[in-house]
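Contents: one structure, followed by commentary.
Readers should treat all values here as calculations from the given coordinates under stated rules, not as data from a laboratory. Values in this document were obtained by computation on a predicted structure and should not be read as measured data. For neighbour counting, all protein chains shown are included, and Cβ atoms are generated from backbone atoms with ideal geometry for every residue, glycine included.
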Amino acid sequence: MNPQITVIIPAYRRKNYLFYALDRIFSQKDVTLEVLVFSEVMEPDEVDEVKNVYPQVKYFKTDKYKGASNKRRAGIKMARGKYLYMPDDDDYLTDDKFLKKAVDIMEQNDDISIVMGLTDVSYEYADNTKKHVEHRPLPLEGKIDRIEYLQGLQVTMSKPISTVSTLFRTKDMIARGVDQMFEISDVCLCLNAFMCGHAYIINEPVAVYRFHEKNLTYSLPYWFMFNVLREKERIYKEAKKILPQPKEFWYNHFRITYFFYKEGKANLGGKINMLSWGLCHVHGNYPLLMLLVKEYIKCLIGR
């Protein structure tokens, strides 16, 4: 019998976080799981420890799957579960019935492609002197129209800060073509889910996103952000016939992606490359053209 849920975890040199995340996953009630862990960087003794402590986990250690996106891509192709759960290795569930609740919602609603719960943010510091939790609410509750969410995502409508609080329908991700996806990040997964079906929000905390000294979110490389941008353009091209304001969608998503990269550890070459690419992919969007020219001038004069 196939499992209900395939869990795909891209791991990265954070064994203690990974073990805690797995403990919380295996504490989930009334669901059958297939758990796939992908990592190319853990030491051999750590790999053996994972296998000894969690013999039910299928562990893949290979350079073939570098980067979280490629690990998720490989996991989706291998998945036997009807649903996909794809948390990062350093985040964890707090509601031991979240996956069951999400499965029940999807079983009762064939037109729902993604179920989302609230994610709290835990700020953790190496010296243990400071730690606090920030609650991040989502905009609505219950079933939300996919076009409404697609149009407003990251602008008027927020998403969970991490995939730790989301469940996806496997067939929808397969239908979106995982080999055609430039990047399989949290926002790209959400956008692709909205292309297939509606969303459902469980308006209660179900998981925690850790913000810590080994967090990768704000040190993402140029190639990652560029692939996110290319994936957003792919979705824009497909969605422009159904979106009420497609040009606004493309303007907002280019702007959000570029400034997220710019405000992180961006370098001048990366910014110029992204802006140059944007100038060739304006799609007749005058506000975007003006934004690109303005940012290009700032790069040239060193601002």
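Things worth noting here:
- Full-stretch length increase - ILE242, SER276 - with 0.36 nm per residue and alpha-carbon distance subtracted: 9.4 nm
- Shown for the chain are the DSSP H helices of 20 Å or more along their axis, judged by Cα atoms, with a mean Kyte-Doolittle hydropathy of at least -1.0: 222-239, 246-262, 286-300.
- Rg ratio for the chain: its Cα radius of gyration over 2.2 N^0.38 Å, N being its residue count, equals 1.01.
- Table column - 3J(HN,Hα) (Hz), segment 203-210, Karplus curve with 6.51, -1.76, 1.60, x for Gly and Pro: 7, 7, x, 10, 7, 10, 9, 8
- Of all DSSP bridge pairs formed entirely within the chain, close to 40 percent run antiparallel.
- Of the cross-linked pairs LYS58/LYS82; LYS97/LYS171; LYS82/LYS241, those separated by over 27 Å at the C-alpha level are LYS82/LYS241.
- Each other residue within a Cβ distance under 13 Å of PRO246 adds +1 if Lys or Arg and -1 if Asp or Glu, for a net charge of +2.
- Volume in Å³ per residue [convex hull over Cα atoms, computed for segment 162-281]: 131
- Sorting ILE272, ILE112 by the number of Cβ atoms found within 10 Å of their own Cβ, with the fewest placed first, yields ILE272, ILE112.
- Reach of LYS51 by Cα under 24 Å, taken over lysines that are not fewer than 8 positions away in the same chain: LYS15, LYS29, LYS61, LYS64, LYS66, LYS71, LYS77, LYS214
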